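Student: Mind having a look at this structure? Questions to follow.
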Amino acid sequence: MKILKYLFLLLFFSVNSQTLTLEECYGLAKQNYPLIKRHDLIAKTKEYNLQNVTKGWLPQIQIIGQATYQNDVTQIPFKLPNLNIDPVSKDQYKVYADVQQNIYDGGMIANQKKIATINSEIELQKTEVETNQLELRINQIYFGILQTNEQLQQTELTKSNITNGLKKAEAQLENGIIYRSNVDVLKAQLVNLQQKQLELLSIKKSFLQMLSLFINKNLEENTILLKPEKILIQDENRRAELKLFDLQKLGLEQQKSNINSKNTPKLGAFFQGGYGKPSFNMLKNEFDVFYIGGLRLNIPISGFYTKKNDLALVETQQQEIEVQKENFLFNQQFQTIQNNNDLDKIQQLIEKDDELVLLRESIKKASLAQLENGVITTNDYLREVNELDRAKNQKITHEIQYLLTQYNLKAQLNQ
């Protein structure tokens, strides 16, 4: 009957309580992490950059106004009979429009568009790197709550064992077999366990508040966190940092193309038209309209002075990124080896915990019978109950440590 009542209460709380899984917490934490807002900002920045680069194909127009005074002007050094040519004025004025139109830019605009796209992907990947670190933080909180819950359950079991012993001791007290101090020893331990429960509830409350902050969801004390299963970790590293290194190297490779493009010939059309004094006819000393247009070929010879060094600098930066990647993989491999060794050690400890708990259960059961028959004192019984409690708590700790280490390893490899 008691079992049916317990199952009914468990079913009632399960239906009326909020239930969460570890994966759900991962997803909610990433959705609500403030850094995720950068995604929209990065997308907008990319769009603006691409639009600005593309406008390099539009005509580049300048309106220029100029008023000058010069100390001398060109004059005909001799006089012609019956012909008087006035010299150009020393004060000169002009307002004109200068229009430049790219026809062939050596691939500069195309390279700049690719660089803008890659830079956007790099910034997104940096955000992904930091966001992935959330899983490790969620693991600490989530498994901390699980461990606290199991310790609270274990405390209840220990209280039940002490209560059983207390009933036996009170019966013996009534019969004058033991002293009241023997009964008080068990009552004092019950008070200690109540204090322990208060501490555990306070720890659980703090963990729930932290988890609520991360997932932006109000969590009550009766929230049920489902215990995840043991998982099989594959020997494959899919960390976001690896993609970031590759994108950074790709961006530098695109810079090489940009350096080469800067040193290729450029072809463009130009037009200048305006109004001024004098115009292109220097013998006409009055305001007039003028214009000129044509093609312009630009061969940047001076760019070859630094091209070799510029390419060498980019190559050096690529090598530095490769060194960073190797160092990252080395540290990851070191951490993976350490975690795998920890998992082997904890698994062996859990197996010993199982043996120890069985033995302590048997000893406690025998000591309860001995207490009832007056063979041992309440102190002796309490010692065995505490040893059983310690063994079970030790097993709880090892089991949570095993799961925490597994899921930390999973997060470290981004699987």
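A short reminder: the numbers here are calculations on the coordinates, not readings from a lab. This one's a predicted model, so the numbers in the text were calculated from it and none came from an experiment. Because the Cβ atoms are built from the backbone with ideal geometry, glycine has one as well, and the counts that use them run over all protein chains shown.
Student: Under a cut-off of 20 Å between alpha-carbon atoms, report the lysines in cross-link reach of Lys168, not counting same-chain residues fewer than 8 places apart.
Tutor: Once the sequence-local lysines are set aside, what remains near Lys168 is Lys159, Lys187, Lys364, Lys365.
Student: Work out the P(r) tail for segment 309-350: percent of alpha carbon pairs separated by more than 12 Å, whole number. Working shown, then result.
Tutor: On the way: 595 of 861 pairs.
When every Cα pair of segment 309-350 is considered, 69 percent fall beyond 12 Å.
Student: When Lys and Arg each count +1 and Asp and Glu each count -1, what net charge do the other residues less than 14 Å away from Val53, Cβ to Cβ, add up to?
Tutor: Values: positive: Lys46, Lys55, Lys113, Lys114; negative: Glu47, Asp105.
Neighbour charge sum, excluding Val53 itself: +2.
Student: Sort the following peptides by mean Cβ neighbour count (other Cβ atoms within 10 Å, averaged over residues), highest first: 390-398, 292-300. Provide the component values of the computation, followed by the final result.
Tutor: Working: 390-398: 17.9, 292-300: 10.8.
The peptides rank, most packed first, as 390-398, 292-300.
Student: Out of every Cα pair in the chain, what percent are spaced more than 39 Å from each other? Show your work: numbers first, answer last.
Tutor: Details: 47457 of 85905 pairs.
That tail contains 55 percent of the Cα-Cα pairs.
Student: When a footprinting reagent is the concern and you count Cβ atoms within 10 Å, what order do Asp344, Asp288, Asp389 take, fewest first? Spell out each step's value before the answer.
Tutor: Details: Asp344 10, Asp288 13, Asp389 23.
Neighbour counts put them in this order, fewest first: Asp344, Asp288, Asp389.
Student: Can I ask one more? Among the listed pairs Lys227/Lys249; Lys114/Lys325; Lys30/Lys325; Lys37/Lys262; Lys44/Lys227; Lys204/Lys395, give every one whose C-alpha distance is greater than 30 Å. Before the final figure, lay out the partial values.
Tutor: Details: Lys227/Lys249 41 Å; Lys114/Lys325 23 Å; Lys30/Lys325 25 Å; Lys37/Lys262 36 Å; Lys44/Lys227 41 Å; Lys204/Lys395 19 Å.
Too far apart for the 30 Å limit: Lys227/Lys249; Lys37/Lys262; Lys44/Lys227.
Student: Taking 0.36 nm per residue of sequence separation and subtracting the Cα-Cα distance, how much length would be gained by fully extending the chain between Leu226 and Ile292, in nm to one decimal?
Tutor: On the way: separation 66, 0.36 × 66 = 23.76 nm, distance 7.95 nm.
Residue separation times 0.36 nm, minus the Cα-Cα distance, leaves 15.8 nm.
Student: Convert each backbone phi in segment 45-62 into a coupling constant with the Karplus relation 6.51 cos²θ - 1.76 cosθ + 1.60 (shift: θ = phi - 60°), then list the ³J(HN,Hα) values in order as whole Hz, x for Gly and Pro.
Tutor: My calculation for segment 45-62 gives 4, 4, 5, 5, 4, 5, 5, 5, 5, 4, 5, x, 8, 6, x, 9, 10, 10 Hz in order.
Student: Nearest 10 degrees, 0 to 90: what angle lies between the long axis of helix 180-215 and the longest principal axis of the chain (Cα atoms)?
Tutor: The answer is roughly 20 degrees.
Student: Calculate, for Lys307 and Ala269, the FRET efficiency according to 1/(1 + (r/R0)^6) with r their C-beta to C-beta distance and R0 25 Å; round to the nearest 0.05. Please list the in-between numbers first.
Tutor: Working: r = 27 Å, r/R0 = 1.08.
Efficiency at R0 = 25 Å is approximately 0.40.
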